[in-house]
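The values are calculated or read from the model by the stated rules, or taken from the named source; none is laboratory data. Quick caveat, the model's predicted, so the values are computed rather than measured. Reconstructed Cβ throughout: ideal geometry from the backbone, glycine too, with neighbour counts over all protein chains shown. Accessible surface is based on the protein model in full, side chains and every heavy atom, while ligands, DNA and RNA are left aside. Shrake-Rupley method; radii C 1.70, N 1.55, O 1.52, S 1.80 Å.
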Amino acid sequence: MSGGKKTVAVIGGGAAGYFAAITIAETNPSLRVILLEAGSQVLRKVKISGGGRCNLTHHCFDPKELSTKYPRGARELRGAFHRWQPRDTIEWFEQREVKTKVEGDGRMFPVTDDSQTVINCLRSEASKHGVTERLNTRVTALRQIESQWEVKVNGKEFLIVEKVCLALGSLKQSSLEQTLANLGHTISPLLPSLFAFNLPQHPLKELAGVAVQNASVRTLPKSIIQHGPILITHRGLSGPAILRASAWDARELAEVNYQFSAEINWLGEKTKEQIRKKLQDLRKQRAVKKLKHNPFSELPKRLWEKIVELSGIDLEITWAHLSKEAMTKLLNQLTAHQAEVSGKTMNKEEFVTCGGINIKEVDFRTMESKFCLGLYFAGECLDLDGITGGFNFQAAWTTGRIAGLAISGNKV
């Protein structure tokens with residue numbers, strides 16, 4: 001390599017790879033850093049995330065609490081977050097004139113509401129510190145030669161580097177699975193996470209676009225209940241609560257080929273008994289009022305009318321005429337609505353893969369391989385993933401930062 005500097009390679013131009021490359025170049029100027037990106041542009045997910053606004057992290061500054069947002073990797077990330085957490089991310093960007101804001105649900109965005117602000121900051125820092133960016137450069141093989149690494153790109157060119165950081169994003173797009181296996185690493189099955197539920201027999205299809213802000217859902221027979229907004233779509237169900245359920249149950253849902261039942265409580269954290277009492281009270285308090293008049297402020301009017309209809313009840317009858325049998329059906333539709341799911345729809349902006357390099361084979365104090373000296377990992381290629389809300393980007397910044405510091409701090 002030119003200039004007499006020792007060279008390190010970061011493979012992957014996403015959030016984790018970019019942050020690792022900047023960290024290395026910034027903290028050890030004696031190293032030459034090359035960033036190899038297989039595609040024609042870097043930071044693609046940053047560009048489209050949060051509807052183009054870039055949900056870059058989450059307003060949670062307690063590593064223990066933060067780690068509970070990761071269906072896979074929580075234990076390892078808990079320690080990592082003590083070294084680099086959302087507060088550090090926010091400070092890093094704000095020191096580089098990217099001001100951030102927090103929204104009601106804890107998600108954090110640049111005040112510009114434009115992901116390009118984040119991209120411009122990262123690219124400017126990389127350029128300032130001399131990171132060499134190479135696009136359309138696919139790594140096709142990786143081999144350790146004594147204390148160095150041989151990186152084969154585009155099937156023909158060979159680079160010799162001191163250290164390598166793999167920040168490949170989802171390994172679904174990578175050709176290095178076999179190479180990693182040859183190096184001793186195991187890869188957990190790569191499966192989708194954060195997806196919407198398809199309902200072929202969609203009883204609520206005419207309500208597409210209607211959202212309930214505080215609902216809850218669980219996949220049957222025995223998953224954890226997830227709370228939050230649920231959005232009715234023309235295909236089925238989406239929204240944060242659904243995406244969380246898909247993340248926590250990603251492996252179980254894949255095993256049943258995405259054919260399962262989901263149970264929805266449209267009134268969220270209110271229990272069946274609380275709603276039963278409410279319905280009994282309504283029969284007395286609204287005796288002469290018709291059921292078509294929605295008594296629940298939490299529910300959109302159209303959804304309330306559909307729930308009454310699905311319970312087999314005439315909207316024109318009064319509460320006084322509601323039979324006990326009809327009330328039980330109404331209670332079940334409100335608190336245990338059964339949705340028969342068949343298939344999934346990926347949310348392109350939030351696409352995340354469950355699975356990847358076994359995290360037990362990586363030292364999270366440095367992000368270095370436990371098998372191969374000089375090989376580091378960062379981001380989504382690891383078997384760790386978070387729920388929606390900025391958590392996946394935070395894992396990328398954290399693992400990228402730790403890997404970058406380890407690479408720059410060791411004598412190479």
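Points worth noting:
- Full extension of the chain between GLN274 and VAL102 yields a length gain of 58.6 nm, computed as 0.36 nm times the residue separation minus the alpha carbon distance.
- Stokes-Einstein diffusion coefficient of the stretch 213-252, Kirkwood radius over Cα pairs, 10 °C, 1.306 mPa s, in µm²/s: 156
- Positive contributions from Lys and Arg (+1) and negative ones from Asp and Glu (-1), summed over other residues with Cβ under 14 Å from the Cβ of ASN136, come out at +1.
- Model label zone, ILE317; criterion: amide N under 17 Å from point 7 Å along Cα-to-beta-carbon; scope the stretch 248-292: 279-292
- Near the amide H of GLY356, within less than 5 Å, lie the amide hydrogens of SER188, all on another chain or at least 5 residues away, with H placed in the peptide plane.
- Whole-Hz ³J(HN,Hα) from phi, Karplus 6.51 cos²θ - 1.76 cosθ + 1.60, for the stretch 168-183, glycine and proline x: 7, x, 4, 6, 4, 8, 9, 9, 9, 4, 5, 4, 5, 4, 5, 7
- Excluding ligands, DNA and RNA, the accessible surface per residue across the stretch 1-150 is 44 Å² with a 1.4 Å probe.
- Label zone at LYS329, where the point sits 7 Å out along the Cα-to-Cβ direction: the stretch 200-227 residues whose backbone N lies under 17 Å: 203-204
- GNM flexibility winner over the chain from VAL161, VAL98, VAL288 (Cα, springs under 10 Å): VAL288
- The mean of 1/r over all distinct Cα pairs in the stretch 3-58, once inverted, gives the Kirkwood hydrodynamic radius of 12.4 Å.
- DSSP beta bridges in the chain [antiparallel fraction, %, rounded to 5]: 75
- Spacing of the two label points (7 Å from each Cα toward its C-beta) at SER297 and ARG283, in nm: 2.6
- Alpha-carbon spread of the stretch 51-145, three principal axes, descending order, Å: 45, 34, 25
- Every helix of 4 or more DSSP H residues in the chain counts as -39500 (n - 2.57), and over all residues that averages to -9500 deg cm²/dmol at 222 nm.
- Heavy-atom accessible surface of the stretch 290-406: percent carbon and sulfur, 1.4 Å: 52
- In this structure, the amide hydrogen of GLY39, modeled 1.01 Å from its nitrogen in the peptide plane, lies closer than 5 angstrom to those of ASN136, THR137, counting only residues at least 5 positions away or on a different chain.
- Highest-first packing order for the peptide set 36-47, 297-308, 232-243 is 232-243, 36-47, 297-308, based on the mean count of other beta carbon atoms within 10 Å.
- Rg over Rh, two decimals, the stretch 238-281 (C-alpha only, Kirkwood Rh): 1.15
- Within the accessible area of the stretch 64-150 (1.4 Å probe), percent carbon and sulfur: 41
- R0 of 41 Å, Cβ-Cβ distance GLN338-ARG75: FRET efficiency to nearest 0.05: 0.75
- For GLY184, the shell of other residues with beta-carbons less than 15 Å away shows a net charge of -1, using +1 for Lys and Arg and -1 for Asp and Glu.
- Label-to-label distance, nm, for residues given as ILE160 and TYR258 (7 Å Cα→Cβ offset): 4.8
- One equal scatterer on each Cα of the stretch 294-356, no solvent, Debye formula: the resulting log10 I(q)/I(0) at q = 0.12, 0.15 Å⁻¹ is -0.47, -0.61.
- The peptide list 165-174, 390-399, put in order of mean Cβ contacts within 10 Å with the highest first, becomes 390-399, 165-174.
- Extension gain for GLN116-THR345 works out to 79.8 nm (0.36 nm per residue, less the C-alpha to C-alpha distance).
- Part-to-part distance (alpha-carbon centres) for the stretch 364-412 and the stretch 218-258, which is given in Å: 28
- When you count the other C-beta atoms within 10 angstrom of each residue and take the mean per peptide, 270-283, 15-28 line up highest first as 15-28, 270-283.
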